[in-house]
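Since the structure comes first, as C-alpha coordinates, the remarks are kept for the end.
The values are calculated or read from the model by the stated rules, or taken from the named source; none is laboratory data. For clarity, every value in this text was computed on a predicted model and none was experimentally measured. In this analysis, Cβ positions are derived from the backbone assuming ideal geometry, glycine residues included, and neighbour counts consider all displayed protein chains.
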Amino acid sequence: MKKFLTHIRYPNLLIIAFVMYAMRYGVVYPFLKYNNFDIQLNGLLFFGLVFSVILIAAGGYLINDFEDLKIDAKNNPEKYPEGESPCAQKMYKAYNYFTVFGITIGGIVSYYAENFIFITIFVLAAGLLWFYSSTYKMMPFFGNLVVAFLTGIVPMLVVLFEIPLLTEKYRDILVQNNVDFMPLFYFVLAFGIFAFLTTVIREVIKDIEDVEGDKTYKKNTIPVALGVTFAKIVAVIFIIITIATLFYTQIVFDLGETSFWYITIALVLPLAYIAVKTFLDKTPENFHLTSTFLKIIMIFGISYSIVLYYSFTM
(Lines give C-alpha, C1' and ligand atoms only; values in the text may rest on other atoms or scores of the structure.)
Protein backbone atom coordinates (compact mmCIF):
# COMPACT_ATOMS: atom_id res chain seq x y z
CA MET A 1 0.00 0.00 0.00
CA LYS A 2 2.83 2.37 0.91
CA LYS A 3 4.49 1.74 -2.46
CA PHE A 4 1.21 2.41 -4.29
CA LEU A 5 0.75 5.71 -2.42
CA THR A 6 4.29 6.63 -3.46
CA HIS A 7 3.46 5.92 -7.11
CA ILE A 8 0.37 8.16 -7.06
CA ARG A 9 2.29 10.96 -5.23
CA TYR A 10 -0.42 11.35 -2.57
CA PRO A 11 1.08 14.59 -1.13
CA ASN A 12 0.67 16.20 -4.56
CA LEU A 13 -2.92 14.96 -4.74
CA LEU A 14 -3.62 16.57 -1.36
CA ILE A 15 -2.13 19.81 -2.70
CA ILE A 16 -4.50 19.64 -5.69
CA ALA A 17 -7.47 19.36 -3.33
CA PHE A 18 -6.09 22.22 -1.22
CA VAL A 19 -5.66 24.43 -4.30
CA MET A 20 -9.21 23.87 -5.54
CA TYR A 21 -10.86 24.36 -2.16
CA ALA A 22 -8.68 27.44 -1.53
CA MET A 23 -9.91 28.93 -4.81
CA ARG A 24 -13.54 28.14 -3.99
CA TYR A 25 -13.65 29.35 -0.39
CA GLY A 26 -10.75 31.81 -0.34
CA VAL A 27 -11.43 33.64 -3.62
CA VAL A 28 -14.71 32.76 -5.36
CA TYR A 29 -17.02 32.59 -2.33
CA PRO A 30 -15.92 35.85 -0.63
CA PHE A 31 -15.80 37.69 -3.98
CA LEU A 32 -19.39 36.69 -4.70
CA LYS A 33 -20.57 37.54 -1.16
CA TYR A 34 -18.89 40.93 -1.38
CA ASN A 35 -20.86 41.63 -4.56
CA ASN A 36 -24.13 40.16 -3.20
CA PHE A 37 -24.08 36.99 -5.30
CA ASP A 38 -24.36 33.36 -4.22
CA ILE A 39 -22.13 30.48 -5.26
CA GLN A 40 -23.97 28.17 -7.69
CA LEU A 41 -22.07 24.89 -7.98
CA ASN A 42 -23.25 22.87 -4.98
CA GLY A 43 -20.86 21.22 -2.53
CA LEU A 44 -21.41 17.67 -3.79
CA LEU A 45 -20.73 18.58 -7.41
CA PHE A 46 -17.65 20.54 -6.39
CA PHE A 47 -16.36 17.54 -4.44
CA GLY A 48 -16.94 15.46 -7.57
CA LEU A 49 -14.96 17.99 -9.61
CA VAL A 50 -12.04 17.83 -7.17
CA PHE A 51 -12.20 14.04 -6.96
CA SER A 52 -12.18 13.67 -10.76
CA VAL A 53 -9.09 15.88 -11.04
CA ILE A 54 -7.35 13.88 -8.31
CA LEU A 55 -8.15 10.56 -10.04
CA ILE A 56 -6.85 11.78 -13.41
CA ALA A 57 -3.71 13.21 -11.78
CA ALA A 58 -3.10 9.94 -9.92
CA GLY A 59 -3.51 8.09 -13.22
CA GLY A 60 -0.99 10.46 -14.77
CA TYR A 61 1.58 9.67 -12.08
CA LEU A 62 0.98 5.94 -12.54
CA ILE A 63 1.42 5.98 -16.33
CA ASN A 64 4.52 8.12 -15.91
CA ASP A 65 6.11 5.56 -13.60
CA PHE A 66 4.92 2.73 -15.88
CA GLU A 67 6.62 4.32 -18.89
CA ASP A 68 9.77 4.84 -16.81
CA LEU A 69 9.82 1.10 -16.11
CA LYS A 70 9.56 0.42 -19.86
CA ILE A 71 12.46 2.79 -20.55
CA ASP A 72 14.55 1.15 -17.82
CA ALA A 73 13.73 -2.28 -19.28
CA LYS A 74 14.87 -1.26 -22.76
CA ASN A 75 18.12 0.22 -21.49
CA ASN A 76 18.86 -2.49 -18.91
CA PRO A 77 17.15 -5.69 -20.11
CA GLU A 78 19.10 -7.88 -17.66
CA LYS A 79 18.01 -5.83 -14.66
CA TYR A 80 14.46 -4.96 -15.80
CA PRO A 81 12.89 -7.68 -18.00
CA GLU A 82 10.35 -5.75 -20.05
CA GLY A 83 6.77 -6.87 -19.59
CA GLU A 84 7.57 -9.32 -16.78
CA SER A 85 7.13 -7.01 -13.81
CA PRO A 86 3.93 -7.68 -11.80
CA CYS A 87 4.30 -4.15 -10.45
CA ALA A 88 4.21 -2.74 -14.00
CA GLN A 89 1.07 -4.69 -14.86
CA LYS A 90 -0.71 -3.51 -11.71
CA MET A 91 0.36 0.08 -12.37
CA TYR A 92 -1.06 -0.03 -15.90
CA LYS A 93 -4.38 -1.50 -14.71
CA ALA A 94 -4.62 1.08 -11.93
CA TYR A 95 -3.87 3.83 -14.46
CA ASN A 96 -6.79 2.68 -16.63
CA TYR A 97 -9.20 2.52 -13.68
CA PHE A 98 -8.19 5.90 -12.28
CA THR A 99 -8.37 7.63 -15.65
CA VAL A 100 -11.69 6.12 -16.74
CA PHE A 101 -13.33 6.85 -13.38
CA GLY A 102 -11.85 10.35 -13.35
CA ILE A 103 -13.22 11.18 -16.80
CA THR A 104 -16.58 9.58 -15.95
CA ILE A 105 -17.00 11.61 -12.76
CA GLY A 106 -15.86 14.73 -14.58
CA GLY A 107 -18.50 14.06 -17.22
CA ILE A 108 -21.22 13.64 -14.58
CA VAL A 109 -20.21 16.93 -12.93
CA SER A 110 -20.16 18.63 -16.34
CA TYR A 111 -23.65 17.33 -17.12
CA TYR A 112 -25.20 18.47 -13.85
CA ALA A 113 -23.35 21.79 -14.10
CA GLU A 114 -25.18 22.22 -17.43
CA ASN A 115 -21.96 22.29 -19.45
CA PHE A 116 -21.43 18.73 -20.65
CA ILE A 117 -18.92 20.04 -23.22
CA PHE A 118 -16.55 20.51 -20.26
CA ILE A 119 -15.96 16.76 -20.29
CA THR A 120 -13.47 17.51 -23.07
CA ILE A 121 -11.26 19.19 -20.43
CA PHE A 122 -10.90 15.89 -18.55
CA VAL A 123 -10.37 13.89 -21.73
CA LEU A 124 -7.71 16.32 -22.99
CA ALA A 125 -5.98 16.39 -19.60
CA ALA A 126 -5.82 12.60 -19.47
CA GLY A 127 -4.57 12.51 -23.06
CA LEU A 128 -1.86 15.08 -22.38
CA LEU A 129 -0.70 13.11 -19.33
CA TRP A 130 -0.45 9.94 -21.42
CA PHE A 131 1.40 11.67 -24.26
CA TYR A 132 3.67 13.40 -21.75
CA SER A 133 4.65 10.09 -20.17
CA SER A 134 5.22 8.31 -23.48
CA THR A 135 6.57 11.12 -25.66
CA TYR A 136 6.58 14.72 -24.47
CA LYS A 137 8.90 14.28 -21.49
CA MET A 138 11.61 13.19 -23.94
CA MET A 139 11.40 16.61 -25.65
CA PRO A 140 13.53 19.34 -24.06
CA PHE A 141 11.34 21.92 -22.32
CA PHE A 142 8.11 20.91 -24.11
CA GLY A 143 7.41 18.26 -21.49
CA ASN A 144 8.01 20.83 -18.74
CA LEU A 145 5.48 23.18 -20.37
CA VAL A 146 2.86 20.42 -20.60
CA VAL A 147 3.14 19.65 -16.86
CA ALA A 148 3.08 23.37 -16.02
CA PHE A 149 0.03 23.96 -18.22
CA LEU A 150 -1.92 21.17 -16.54
CA THR A 151 -0.91 22.51 -13.11
CA GLY A 152 -2.07 25.99 -14.06
CA ILE A 153 -5.43 24.65 -15.22
CA VAL A 154 -6.26 23.18 -11.78
CA PRO A 155 -7.26 26.46 -10.06
CA MET A 156 -8.95 27.67 -13.26
CA LEU A 157 -11.38 24.74 -13.21
CA VAL A 158 -13.08 26.26 -10.18
CA VAL A 159 -14.20 29.39 -12.07
CA LEU A 160 -14.70 27.63 -15.39
CA PHE A 161 -17.44 25.54 -13.78
CA GLU A 162 -18.82 28.37 -11.65
CA ILE A 163 -19.04 31.39 -13.97
CA PRO A 164 -21.47 29.92 -16.58
CA LEU A 165 -23.89 29.02 -13.78
CA LEU A 166 -23.54 32.49 -12.26
CA THR A 167 -24.07 34.16 -15.62
CA GLU A 168 -27.24 32.18 -16.22
CA LYS A 169 -28.59 32.81 -12.71
CA TYR A 170 -27.92 36.54 -12.65
CA ARG A 171 -28.25 37.35 -16.36
CA ASP A 172 -30.82 40.14 -15.87
CA ILE A 173 -28.79 41.87 -13.16
CA LEU A 174 -25.61 41.66 -15.22
CA VAL A 175 -27.30 43.14 -18.30
CA GLN A 176 -29.00 45.87 -16.27
CA ASN A 177 -25.72 46.97 -14.65
CA ASN A 178 -23.51 46.23 -17.67
CA VAL A 179 -21.14 44.04 -15.64
CA ASP A 180 -19.85 40.49 -15.81
CA PHE A 181 -17.79 38.03 -13.79
CA MET A 182 -14.50 38.62 -15.61
CA PRO A 183 -12.86 40.28 -12.54
CA LEU A 184 -13.42 37.01 -10.66
CA PHE A 185 -11.95 35.10 -13.60
CA TYR A 186 -8.85 37.34 -13.58
CA PHE A 187 -8.32 36.85 -9.83
CA VAL A 188 -8.21 33.08 -10.23
CA LEU A 189 -6.24 33.37 -13.49
CA ALA A 190 -3.49 35.10 -11.50
CA PHE A 191 -3.22 31.98 -9.32
CA GLY A 192 -3.18 29.79 -12.43
CA ILE A 193 -0.34 31.82 -13.96
CA PHE A 194 1.62 31.64 -10.70
CA ALA A 195 1.13 27.86 -10.61
CA PHE A 196 2.23 27.59 -14.25
CA LEU A 197 5.40 29.68 -13.84
CA THR A 198 6.55 28.08 -10.59
CA THR A 199 5.91 24.61 -11.98
CA VAL A 200 8.12 25.38 -14.99
CA ILE A 201 10.88 26.47 -12.59
CA ARG A 202 10.50 23.38 -10.43
CA GLU A 203 10.40 20.99 -13.39
CA VAL A 204 13.63 22.45 -14.80
CA ILE A 205 15.34 22.23 -11.39
CA LYS A 206 14.19 18.61 -11.02
CA ASP A 207 15.64 17.87 -14.47
CA ILE A 208 18.99 19.31 -13.32
CA GLU A 209 18.78 17.15 -10.19
CA ASP A 210 18.21 14.02 -12.31
CA VAL A 211 20.62 14.88 -15.13
CA GLU A 212 23.01 11.94 -14.62
CA GLY A 213 20.22 9.37 -14.49
CA ASP A 214 18.50 10.96 -17.50
CA LYS A 215 21.75 10.71 -19.47
CA THR A 216 21.98 7.02 -18.60
CA TYR A 217 18.40 6.34 -19.74
CA LYS A 218 18.65 8.68 -22.75
CA LYS A 219 15.99 11.16 -21.59
CA ASN A 220 16.40 14.31 -23.63
CA THR A 221 15.74 16.98 -20.98
CA ILE A 222 17.05 20.57 -21.09
CA PRO A 223 20.21 19.90 -19.00
CA VAL A 224 20.93 16.75 -21.01
CA ALA A 225 20.40 18.40 -24.41
CA LEU A 226 21.74 21.91 -23.71
CA GLY A 227 23.75 21.63 -20.52
CA VAL A 228 23.23 22.28 -16.82
CA THR A 229 24.32 25.93 -17.06
CA PHE A 230 21.74 26.66 -19.76
CA ALA A 231 19.05 24.93 -17.68
CA LYS A 232 19.99 27.10 -14.69
CA ILE A 233 19.64 30.22 -16.84
CA VAL A 234 16.17 29.08 -17.99
CA ALA A 235 15.09 28.52 -14.36
CA VAL A 236 16.35 31.95 -13.28
CA ILE A 237 14.67 33.69 -16.23
CA PHE A 238 11.35 32.16 -15.22
CA ILE A 239 11.96 33.20 -11.61
CA ILE A 240 12.46 36.80 -12.77
CA ILE A 241 9.27 36.59 -14.88
CA THR A 242 7.37 35.23 -11.85
CA ILE A 243 8.58 38.05 -9.58
CA ALA A 244 7.70 40.65 -12.21
CA THR A 245 4.25 39.10 -12.64
CA LEU A 246 3.62 39.18 -8.89
CA PHE A 247 4.41 42.90 -8.65
CA TYR A 248 2.41 43.60 -11.81
CA THR A 249 -0.62 41.85 -10.29
CA GLN A 250 -0.21 43.81 -7.04
CA ILE A 251 -0.19 47.11 -8.94
CA VAL A 252 -2.97 46.35 -11.44
CA PHE A 253 -5.43 45.01 -8.86
CA ASP A 254 -4.38 47.61 -6.25
CA LEU A 255 -4.41 44.91 -3.57
CA GLY A 256 -3.29 47.01 -0.62
CA GLU A 257 -0.42 47.09 1.87
CA THR A 258 -1.08 43.70 3.49
CA SER A 259 -1.01 42.05 0.09
CA PHE A 260 2.21 43.86 -0.84
CA TRP A 261 4.04 42.66 2.26
CA TYR A 262 2.72 39.10 1.92
CA ILE A 263 3.83 38.90 -1.71
CA THR A 264 7.22 40.42 -0.90
CA ILE A 265 8.07 38.38 2.20
CA ALA A 266 6.39 35.04 1.42
CA LEU A 267 6.98 34.90 -2.35
CA VAL A 268 9.39 37.44 -3.87
CA LEU A 269 12.26 37.19 -1.37
CA PRO A 270 12.18 33.36 -1.28
CA LEU A 271 12.09 33.26 -5.09
CA ALA A 272 15.09 35.60 -5.22
CA TYR A 273 16.87 33.24 -2.83
CA ILE A 274 15.96 30.29 -5.07
CA ALA A 275 17.47 32.14 -8.07
CA VAL A 276 20.80 32.61 -6.27
CA LYS A 277 20.76 29.09 -4.83
CA THR A 278 20.07 27.56 -8.25
CA PHE A 279 23.27 29.06 -9.66
CA LEU A 280 25.30 27.98 -6.62
CA ASP A 281 23.94 24.42 -6.34
CA LYS A 282 26.27 21.67 -7.49
CA THR A 283 25.00 18.31 -6.24
CA PRO A 284 21.71 16.44 -6.74
CA GLU A 285 21.08 16.82 -3.01
CA ASN A 286 21.35 20.61 -3.33
CA PHE A 287 18.92 20.68 -6.24
CA HIS A 288 16.50 18.35 -4.43
CA LEU A 289 16.44 20.74 -1.47
CA THR A 290 15.86 23.68 -3.83
CA SER A 291 12.98 21.81 -5.50
CA THR A 292 11.41 21.06 -2.12
CA PHE A 293 11.78 24.69 -1.03
CA LEU A 294 10.11 25.78 -4.26
CA LYS A 295 7.12 23.52 -3.54
CA ILE A 296 6.74 25.29 -0.18
CA ILE A 297 6.76 28.64 -2.00
CA MET A 298 4.03 27.33 -4.31
CA ILE A 299 1.92 26.45 -1.26
CA PHE A 300 2.47 29.96 0.13
CA GLY A 301 1.35 31.31 -3.24
CA ILE A 302 -1.93 29.42 -3.08
CA SER A 303 -2.31 30.41 0.59
CA TYR A 304 -2.45 34.00 -0.60
CA SER A 305 -6.15 33.18 -1.05
CA ILE A 306 -6.43 33.75 2.72
CA VAL A 307 -5.27 37.35 2.21
CA LEU A 308 -7.90 37.80 -0.49
CA TYR A 309 -10.56 36.26 1.74
CA TYR A 310 -9.96 38.83 4.47
CA SER A 311 -9.73 41.68 1.96
CA PHE A 312 -13.23 40.79 0.70
CA THR A 313 -14.80 40.11 4.09
CA MET A 314 -13.34 42.85 6.29
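Of all residues in the stretch 245-276, how many are within 18 Å of V188 (Cα to Cα) and either charged (D, E, K, R) or part of a helix (DSSP H, G or I) (or both)?
16
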Next on the checklist: Just the residues that are farther than 11 Å from L271 by Cβ, β-branched (V, I, T) and within 18 Å of the chain's Cα centre (by Cα), please, taken from the stretch 291-314.
Outcome noted: T292, I296, I299, I302
Checklist entry - Restricting the search to the stretch 218-233, which residues are in contact (Cβ under 8 Å) with a residue 24 or more places away in the chain, assigned to a helix (DSSP H, G or I) and either of a type in the set (A, V, I, L, M, F, W, C) or surrounded by fewer than 16 Cβ atoms within 10 Å (Cβ to Cβ) (or both)? => result I222, V224, A225, L226, A231
Item to check | Residue list for the stretch 21-56, filter: under 28 Å from F131 (Cα atoms), buried (at least 23 other Cβ atoms within 10 Å of the Cβ) and touching a residue at least 60 places away in the same chain (Cβ under 8 Å) | outcome: L49, S52, V53, I56
Checklist entry - Of the residues I117, I121, I108, which single one is buried (at least 19 other Cβ atoms within 10 Å of the Cβ), out of contact with any Phe, Trp or Tyr (no Cβ under 9 Å at 6 or more places or on another chain) and more than 17 Å from Y95 (Cβ to Cβ)? => result I121
Item to check | Set A231, A235, A225: member being of a type outside the set (F, W, Y), more than 30 Å from F47 (Cβ to Cβ) and touching an Asp or Glu at 6+ places or on another chain (Cβ under 7 Å) | outcome: A231
Next on the checklist: If I filter the stretch 248-263 for residues that are out of contact with any Leu (no Cβ under 8 Å at 6 or more places or on another chain), at pLDDT below 95 and within 23 Å of I205 (Cβ to Cβ), do I get at least one hit?
Outcome noted: no
Item to check | Which numbered condition F300 fails, given (1) touching a residue at least 12 places away in the same chain (Cβ under 8 Å); (2) out of contact with any helix residue (DSSP H, G or I) (no Cβ under 7 Å at 6 or more places or on another chain); (3) not charged (D, E, K, R) | outcome: (2)
Checklist entry - Out of V236, V224, which single residue is over 23 Å from the mean Cα position of the chain (by Cα) and β-branched (V, I, T)? => result V224
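Does F279 meet the test of being in a helix (DSSP H, G or I) and over 21 Å from the mean Cα position of the chain (by Cα)?
Judged against the criteria, F279 is a match.
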Next on the checklist: Would you confirm whether or not the stretch 101-119 contains a residue that is at pLDDT below 90, of a type in the set (D, E), assigned to a loop (DSSP other than H, G, I, E, B) and out of contact with any Leu (no Cβ under 6 Å at 6 or more places or on another chain)?
Outcome noted: yes
Checklist entry - Which ones in the stretch 111-140 are over 30 Å from I205 (Cβ atoms), among the polar types (S, T, N, Q) and free of Cβ contacts under 8 Å to residues at least 24 places away in the same chain? => result T120
Checklist entry - Just wondering, is there one or more residues in the stretch 237-244 that are assigned to a helix (DSSP H, G or I) and under 15 Å from Y304 (Cβ atoms)? => result yes
